[in-house]
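The values are calculated or read from the model by the stated rules, or taken from the named source; none is laboratory data. Remember, it's a predicted structure, so these values are computed and weren't measured experimentally. Here Cβ is always computed from backbone atoms with ideal geometry, including for glycine, and neighbour counts include all displayed protein chains.
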Amino acid sequence: MKLRIGLPKGSLQESTRELFQRAGYSIVYGERSYYPSIDDPELETLLIRAQEIPRYVDHGILDIGIAGTDMIVENDADVVRIIELGYSKASLGSVRWVLAVPQDSGFESVSDLEGKTIATELVNTTKKYLREKGVRATVEFSWGATEVKPPDLADAIVELTETGSSLRANNLRIIDVVAESQSCLLANKDSWEDPWKRQKAQNLALLLQGALNAAGMVGLKMNVERPGLGKVLAELGALKNPTVSDLSDPGWVAVETILEEKVVRELIPKLKDAGAQGIIEYPLNKVIY
C-alpha cells in the first residue's frame, strides 16, 4: 500500500525539500518530471501547483498534500487539516494576502475602490472580503506578474507577500490585509478513515513538526567540575533546565541543553569563563515534544 502525497511546485518547492530532508526523507526532483523520487517505498509523490493541491486532495486523487490554508479556503476544499506547518519560501510563520495600490494613487482604503478593478489569483477570497466590506468592485483572475498590472491593467491587486519588498520594488503600497495563510498538511477524508493511511500520515506529520521545532535550535554540551557547576547553571538560568549527568571522574559532570542558535555566540565565552570545558555545539534535525 502507498500513501500518495502532493508536494507544492514553485516557490515552496525547495523549502519543502529541505524540510523533508531534516525530517529524514530524501526527495530528488527530476529536471522535467512531476513525480519526484523519495526514499520511502510507502510514499508516492506528485509535484503540482500548491493552488491545485486542496482540490485534488478533496477529490481523492491525492491522499495527503501540502498547501496553504488560503488555498483550502479558496478552493472550498472539504479536507482534514492534519497539522499547520507554518513555513514559507523564506521563513517560518504565516504569509499575508494584501490589498495593494500604486504608491502615488489616491486610494487610502478599500472603500475607495468602489467600482474599480482588482487583479488577483485569490479571486473567491477577495470577492468574499469585498462583500464583507460592502464594496462593489470587479475582481479579475491574474495569471501571474500581478504586481506590474496597476495602474494600466488594474486599479489595485491582492497579492501574497512575506516582506512586502516585491510590492515596494513595483511602486505599490499596502492598504489592507485580506487574509493570512500558513502551510498545512491536509488529507482526503476517506483516506483519513483508512487506519494504515492515517497512521502513515500522522507519522509523517510528527517528523515534519519535529523538523520545524528544531529550526534555529542547536544542542550544547560541556564538561564542568562539580564545584563550578552552579556558575555554569547560572549562565544557563534563563534557558530550559539542562541535563546534568555524572562522568567517570566523580569530580566532573556533563551538562547538555538545547537552545536558540542566535544566543550561542554570546553564551559560549561566558560558559568558558564560568569553568566549562570541552564545549560542543551541534546541529539538530528534529525536536519532538
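Data for the structure
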quantity	calculated
Residue tally, condition in contact with a helix residue (DSSP H, G or I) (Cβ under 8 Å, 6 or more places away or on another chain), more than 20 Å from Ile61 (Cα to Cα), assigned to a helix (DSSP H, G or I) and of a type outside the set (A, V, I, L, M, F, W, C), over the range 178-214	1
Conditions (1) modelled with pLDDT of 95 or more; (2) farther than 29 Å from Leu7 by Cβ: number failed by Lys116	(1)
Residue count for the range 138-174, restricted to those that are surrounded by 18 or more Cβ atoms within 10 Å (Cβ to Cβ), at pLDDT 90 or above and over 24 Å from Ile72 (Cβ atoms)	6
Glu235 being surrounded by 15 or more Cβ atoms within 10 Å (Cβ to Cβ) and at pLDDT below 95	yes
The range 123-137: number of residues that are among the β-branched types (Val, Ile, Thr) and either exposed (fewer than 13 other Cβ atoms within 10 Å of the Cβ) or farther than 21 Å from Ile72 by Cβ (or both)	1
